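Enquirer: One structure coming up, written as structure tokens, with questions to follow.
The values are calculated or read from the model by the stated rules, or taken from the named source; none is laboratory data. If you're wondering where the values come from, they're calculated on a predicted model, not measured in any experiment. Ideal geometry is used to build each Cβ from the backbone, glycine not excepted, and the neighbour counts take in all protein chains shown.
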Amino acid sequence: MMTSEQLFEKAKTLIPGGVNSPVRAFRSVGGNPLFIKSAKGPYLYDEDGREYIELINSWGPMILGHAFEPVEKAVADAIQHSFSFGAPTRKEVEMAELIVSMVPSVEMVRMVNSGTEATMAAIRVARGFTGRDKIIKFEGCYHGHGDSFLIAAGSGAMTMGIPDSPGVTKATAADTLTAPYNDLAAVEELLLNNHNQVAALILEPVVGNMGCVLPEPGFLEGIRALCDQHSVVLIFDEVMTGFRLAKGGAQERFGITPDLTTMGKIIGGGMPVGAYGGRADIMKMVAPAGPVYQAGTLSGNPIAMSAGLAMLHHLNDHPNVYTRLDAIGDKLTTGFRQTLDKLGLAYTINHISSMFTLFMTDRPVIDFAGAKSCDTALFGHYFHAMLDRGIYLAPSQFESLFLSVALTDELVDRIIQANDESLREVVG
Ligand SMILES: *Cc1c(COP(=O)(O)O)cnc(C)c1O
């Protein structure tokens, strides 16, 4: 039996940085990553035999807790009929119908294998539809690792200090325009200066990837209006917020209708799945209905569809999941605030329902600059103090936490207690 530490030493000789996705490496918080062996409900178990309470939930998908039985059962049933056919299946039709019924703006949808694929395809379709080349994104938003999006990117790129990745050509970078989040005037200026050249504007309607950042009142409405005025395709990247902030995602919660929506994470119930969809006139551009090419050998995979369908059906049929998530988020952040206020610490908590971030800064965090003002060293100490007490947080200041309904009130109290002790420890 190898410990997490031994596994990581070996992994580093075989896998770049020892991990298959950068933030997992714990670089920004120090120390070695835990290698996870199993998980059930609200708990994670590592290779060293320790138990942790989950506040990441696989970066979102485990919104119902780990190894949720209806999803487990759907996968067990599906594997008896082989694992892939590369031909259409009934489940894909069921999945498309369910997504269209749940997500307000989606009239047609195409399944892919990750959030990255969904966003790459969505901007290609927008470019094909408009005949324009440029896109607008916001500093600190993360839309997967497609070349066009690794400009002022959030999430792991931000955590590693490489928001503009080498390997992206100058030509690609030149087609990606960026604005500060929540800054409508900057967006308007970009649209005026690039008249009739912008195909799409893509954003996280609530940002999770520079930590949790909320749209200011009027921001999403203003973006919608500007896109209409300039005939720009508005893409909501709901890979994180979809099926999380409401069954219809942020667009339902905020009442804004995007032209295209990208989805991922929860949609696969823990399997590698993404999707993009939206207005039928735009989606009909996608091959073989139209000329914009996009394909996938394993797209709509029957095992993945079975997991996703079981997950989405549960969310669709149990609206109380969302009221419960709101309540858990409120209880947890209220408890955190009480400790922080008592200790007189500088902090900002951004919170909506089951997403929140404790930022180690006294500045309000409404954009990338605000997020970057955080004391990341202090966050690292806090992260480890929480881990020592059995609480598994995201190993970066620039990520949101994702709650699941598996958290009982008693577990929430334990987390609040651990937070209290951890903060006292790190401020000494
Ligand atoms: C996670 C994420 C992606 C990328 O999805 P992958 O499945 O990791 O490729 C894209 N957009 C947002 C908003 C995300 O949170």
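Enquirer: Out of the residues in region 246-275 that are away from the ligand (no atom under 13 Å from the Cβ) and in a helix (DSSP H, G or I), which is nearest to the chain's Cα centre (by Cα)?
Expert: By that ranking, first place goes to GLN251.
Listed here are the residues, each with its yes/no results for (1) touching a Ser or Thr at 6+ places or on another chain (Cβ under 9 Å); (2) in a loop (DSSP other than H, G, I, E, B); (3) crowded, with 21+ Cβ neighbours inside 10 Å.
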position	(1), (2), (3)
LEU44	yes, no, yes
TYR52	no, no, yes
PRO61	no, yes, yes
LYS73	no, no, no
ILE79	yes, no, no
PHE83	no, yes, no
PRO88	no, yes, no
VAL93	no, no, no
ALA96	no, no, no
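Enquirer: Name every residue in region 140-161 that is part of a loop (DSSP other than H, G, I, E, B) and either within 13 Å of the ligand (Cβ to nearest atom) or without any contact (Cβ under 8 Å) to a residue 12 or more places away in the chain (or both), in order of residue number. Don't jump to the end; show me each part of the working.
Expert: Going through region 140-161, the residues part of a loop (DSSP other than H, G, I, E, B) turn out to be 140-146, 150-155, 160-161.
GLY140, CYS141, TYR142, HIS143, GLY144, HIS145, GLY146, LEU150, ALA153, GLY154, SER155, GLY161 - these are the residues of region 140-161 that are part of a loop (DSSP other than H, G, I, E, B) and either within 13 Å of the ligand (Cβ to nearest atom) or without any contact (Cβ under 8 Å) to a residue 12 or more places away in the chain (or both).
Enquirer: Name the pairs whose Cβ atoms lie under 8 Å apart, with the first residue in region 221-250 and more than 23 Å from LEU315 (Cα to Cα), the second near the ligand (Cβ under 10 Å from one of its atoms), and 6 or more positions between them or separate chains?
Expert: Short answer, once both residue conditions are applied: ILE223/LEU203; ILE235/THR119; ILE235/ILE202; ILE235/LEU203; ILE235/THR262.
The rows are residues; the columns are (1) outside the structural domain of GLY264 (by TED's automatic domain parsing); (2) surrounded by fewer than 17 Cβ atoms within 10 Å (Cβ to Cβ); (3) within 23 Å of PHE129 (Cα to Cα); (4) among the hydrophobic types (A, V, I, L, M, F, W, C).
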position: GLY140; (1), (2), (3), (4): no, no, no, no
position: HIS143; (1), (2), (3), (4): no, no, yes, no
position: ASP147; (1), (2), (3), (4): no, yes, yes, no
position: SER155; (1), (2), (3), (4): no, no, no, no
position: MET158; (1), (2), (3), (4): no, no, no, yes
position: SER165; (1), (2), (3), (4): no, yes, no, no
position: THR176; (1), (2), (3), (4): no, no, yes, no
position: ALA185; (1), (2), (3), (4): no, yes, no, yes
position: ASN193; (1), (2), (3), (4): no, yes, yes, no
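Enquirer: Moving on. Pairs please, first residue from region 186-206 and within 8 Å of ILE136 (Cα to Cα), second anywhere and acidic (Asp, Glu), Cβ atoms under 6 Å, 6+ apart in sequence or on different chains.
Expert: Correct list of pairs: ILE202/ASP237.
Enquirer: Return the residues of region 219-245 that are away from the ligand (no atom under 16 Å from the Cβ), among the hydrophobic types (A, V, I, L, M, F, W, C) and part of a loop (DSSP other than H, G, I, E, B); say none if nothing qualifies.
Expert: Listed by number, the list holds a single entry, VAL232.
Enquirer: Given the conditions (1) within 15 Å of the ligand (Cβ to nearest atom); (2) crowded, with 19+ Cβ neighbours inside 10 Å, and given that GLY278 satisfies all but one, which numbered condition is not satisfied?
Expert: Of (1) within 15 Å of the ligand (Cβ to nearest atom); (2) crowded, with 19+ Cβ neighbours inside 10 Å, only one is false for GLY278: (1).
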